[in-house]
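Shown next, in structure tokens, is the structure this report addresses.
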Amino acid sequence: MLRPRLIPCLLLANNGLVKTINFSNRKYVGDPLNAVKIFNEKNVDELIVLDIDATAHNQEPRYDLIESLASVCRMPLCYGGGINNTDQALKILDLGVEKIALSSAAFAMPQLISDVAKKVGSQSVSIVIDVEVNHEKNTYKITTTNNTVSIEVGLTDALQRIESMGAGEIVINSVDRDGAMQGFDLNLIEMALNTVSLPITIIGGAGSPEHFLQVVKKFGVIGLGAGSYFIFKGKYRAVLINYPSAADKEKLFFGA
């Protein structure tokens with residue numbers, strides 16, 4: 001039986017682990033290697049690690065850090081940040097990372113999606129799309145580079161193009177829900193699932209087990225990503241890495 005994937009999403013900046021609210025208000029939350037080791041002990045389904053400063057500062061991927069992360073990580077690892085060409089993507093995969101994530105480059109040079117997919121297979125290529133509500137038009141707009149650059153392509157068109165270029169997975173990150181812990185954007189999820197047949201992972205909004213369950217009840221099996229939910233504990237947002245046990249996940253999703 002297919003089961004929903006619960007995926008912690010870790011953000012890197014200045015060699016440390018940070019958490020944001022609406023892509024701003026950064027808070028340092030610890031050492032990334034220590035976080036990965038803790039998640040290992042908790043038998044996490046998968047892990048996404050994104051360097052949010054690499055592209056903004058025109059930096060190469062931090063291969064030394066990536067190698068260290070991959071060497072200690074005992075779960076499937078997806079890494080993104082600063083990847084602008086096929087050689088970089090292949091080098092990261094050779095370090096032991098299972099999937100590379102493209103974001104800004106997927107829109108600046110969409111052919112890169114096909115080039116990497118042909119080299120390593122679609123299953124190793126994830127595209128991260130940062131999405132913000134356009135309140136004036138009551139629709140969604142795509143942004144990149146930490147929500148500082150707007151992409152002049154509609155969301156449905158972008159999703160279809162990404163699928164046609166050979167990506168294996170799409171990760172949709174809600175800017176408006178980031179760090180809010182008030183629930184996922186169900187309309188955004190529905191739009192994505194109605195547009196493409198690729199596996200979708202949604203990030204942004206998780207604040208309770210019920211938020212995960214709400215998505216699964218409405219849409220079935222889908223990747224459920226979160227940052228704050230797996231990093232913070234309690235109303236004062238104390239840093240305490242947590243993740244549900246296998247028994248707790250079964251009880252949540254299947255009532256076992």
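The residue of the stretch 218-233 that is surrounded by the fewest Cβ atoms within 10 Å (Cβ to Cβ), among those that are more than 14 Å from the chain's Cα centre (by Cα) and modelled with pLDDT under 95, is GLY220.
Against the list (1) more than 22 Å from LEU188 (Cβ to Cβ); (2) more than 19 Å from the chain's Cα centre (by Cα); (3) of a type in the set (Asp, Glu), the condition GLU98 fails is (2). For the stretch 2-18, a residue qualifies if it is within 15 Å of the chain's Cα centre (by Cα) and more than 20 Å from GLY223 (Cα to Cα), and the qualifying residues are LEU12, LEU17, VAL18.
Scan the stretch 32-59 residue by residue and report those that are in a helix (DSSP H, G or I) and crowded, with 20+ Cβ neighbours inside 10 Å. Before you say what the answer is, go through the steps one by one.
If we filter the stretch 32-59 for residues that are in a helix (DSSP H, G or I), which is where we start, we get 32-41.
Across the stretch 32-59, the qualifying residues are PRO32, ALA35, VAL36, PHE39.
Of the listed requirements (1) β-branched (Val, Ile, Thr); (2) under 24 Å from PRO76 (Cα atoms); (3) crowded, with 16+ Cβ neighbours inside 10 Å; (4) touching a helix residue (DSSP H, G or I) at 6+ places or on another chain (Cβ under 9 Å), ILE203 misses just one: (4). Within the stretch 178-190, being assigned to a helix (DSSP H, G or I) and either buried (at least 18 other Cβ atoms within 10 Å of the Cβ) or at pLDDT below 95 (or both) holds for LEU188, ILE189. With the requirement that a residue be of a type in the set (D, E, K, R) and free of Cβ contacts under 8 Å to residues at least 40 places away in the same chain, what does the stretch 130-164 give you? Answer for the stretch 130-164, where residues must be of a type in the set (D, E, K, R) and free of Cβ contacts under 8 Å to residues at least 40 places away in the same chain: GLU136, LYS137, LYS141, GLU152, ASP157, GLU163.
For the stretch 234-256, enumerate the residues that are surrounded by 14 or more Cβ atoms within 10 Å (Cβ to Cβ), part of a loop (DSSP other than H, G, I, E, B) and not hydrophobic (A, V, I, L, M, F, W, C). Scanning the stretch 234-256 gives ARG237, TYR243, PRO244.
The values are calculated or read from the model by the stated rules, or taken from the named source; none is laboratory data. Bear in mind that the values here come from a model prediction, so they are computed numbers and not experimental data. Cβ sites come from the backbone with ideal geometry, for glycine too, and all protein chains shown count toward neighbours.
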